[in-house]
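A short worksheet on the structure shown next.
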Amino acid sequence: MWATGFRPDLSFLEVPVFDRKGRSVHDGGVAAAPGLYVMGLPFLRRRKSTLIDGAASDGRDLTDHLVGHLDTLVRRAS
């Protein structure tokens, strides 16, 4: 987890998840690189995503996604 400040700067990431303008490509916070998620970006999942209240809702949604993903991995390993 990294906090990048008011303006997102993900230039330190060396994974192919950026569009031609340097913005992270994601689906509701889930990036194309396994295990990479983003939060707090404008309109991440809803209009208020950049606000604390919106980030909380986005965090719950991403937590649900992660739990489902981990459950799937555990079932495959069994």
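May I ask you to list the residues in segment 45-78 that are within 17 Å of Ala31 (Cα to Cα) and polar (S, T, N, Q)?
Answer for segment 45-78, where residues must be within 17 Å of Ala31 (Cα to Cα) and polar (S, T, N, Q): Ser49, Thr63.
Go through segment 31-56 and count every residue that is of a type in the set (D, E, K, R) and surrounded by 15 or more Cβ atoms within 10 Å (Cβ to Cβ).
2
Can you find a residue that is over 11 Å from the mean Cα position of the chain (by Cα), aliphatic (A, V, I, L, M) and either part of a loop (DSSP other than H, G, I, E, B) or modelled with pLDDT of 85 or more (or both) anywhere in segment 28-47?
Among the residues of segment 28-47, not one is over 11 Å from the mean Cα position of the chain (by Cα), aliphatic (A, V, I, L, M) and either part of a loop (DSSP other than H, G, I, E, B) or modelled with pLDDT of 85 or more (or both), which makes the answer no.
Take the residues in segment 57-78 that are touching a Gly at 6+ places or on another chain (Cβ under 9 Å) and either loosely packed, with under 13 Cβ neighbours inside 10 Å or of a type in the set (D, E, K, R) (or both), then tell me which one is nearest to Pro8 (Cα to Cα).
Asp58
Only one residue in Leu10, Leu41, Leu62 is out of contact with any strand residue (DSSP E or B) (no Cβ under 7 Å at 6 or more places or on another chain) and of a type in the set (A, V, I, L, M), so which one is that?
So the residue among Leu10, Leu41, Leu62 that is out of contact with any strand residue (DSSP E or B) (no Cβ under 7 Å at 6 or more places or on another chain) and of a type in the set (A, V, I, L, M) is Leu41.
The values are calculated or read from the model by the stated rules, or taken from the named source; none is laboratory data. For clarity, every value in this text was computed on a predicted model and none was experimentally measured. Counting neighbours? That spans all protein chains shown, and the Cβs are built from the backbone with ideal geometry, glycine included.
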